[in-house]
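Structure first, then comments.
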C-alpha cells in the first residue's frame, strides 16, 4: 500500500547557533519557541570567548537593561507570514552588543537546516544565517 507524501513546513522552533555576519564566528546558542502562534527566542549559551559568561546587557534601554545576556530574550513577537509558511515577521530582535532593537524577519532555508534572520532599522538591514544546533 502506498502512503501519500506528506509535506511538512520547516519550522524555526528549536536551538540555533548564531553566526556573526561580519566575522563568520559562532556567537551563541539561541532557543526559539512558539506560544500561541508567536515566536520568541532567548540566548541559551554564549559561545564567543570574548564575551564574559556573566556579562550584562548594559547597552539595552528597555526592560532588558542590566539583565544577564545568557538567558536574555532577544526575539519577540514574530508571527508566521500570511503568504509564506517558512517566513515569520512582525516582531523584533535585540542586539545585546549595542542595545539596538531591530524589526525582524526570519526565513527557514535549506530544508530547516538554516535560518536566515534579517534585522531592519529604517531602510537599512543586516542579514545573518544561523545553523540548526539540535
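Sorting 25, 114 from the fewest to the most surrounding beta carbons within 10 angstrom yields 25, 114. Rg ratio for the chain: its Cα radius of gyration over 2.2 N^0.38 Å, N being its residue count, equals 1.10. For the chain, relative contact order (Cα pairs under 8 Å, six or more residues apart, normalised by length) works out to 22 percent. Each of 75, 19 has some number of other Cβ atoms within 10 Å of its Cβ, and from fewest to most they run 19, 75.
In region 56-91, which residues have a backbone nitrogen under 18 Å from the label point lying 7 Å from residue 120's Cα in the Cα-to-Cβ direction? What the label zone holds, given the 18 Å backbone N cut-off, is 75-91.
Evaluate E = 1/(1 + (r/R0)^6) for residue 56 and residue 85, where r is the Cβ-Cβ distance and R0 equals 30 Å; express this FRET efficiency to the nearest 0.05. Efficiency for this residue pair is about 0.20.
Remark: the residue 21-residue 65 segment gains 13.4 nm on full extension, using 0.36 nm per residue and subtracting the alpha carbon distance. Here 42, 85 are placed in order of increasing Cβ neighbour count within 10 Å, fewest first, which gives 85, 42. Subtracting the Cα-Cα distance of residue 131 and residue 113 from 0.36 nm times their residue separation leaves 5.9 nm of extension gain.
FYI, it's all coordinate maths here, none of it is from the lab. Because the structure is predicted, anything quoted here is derived from the model rather than measured. Virtual Cβ from ideal backbone geometry, glycine too; neighbours counted across all protein chains shown.
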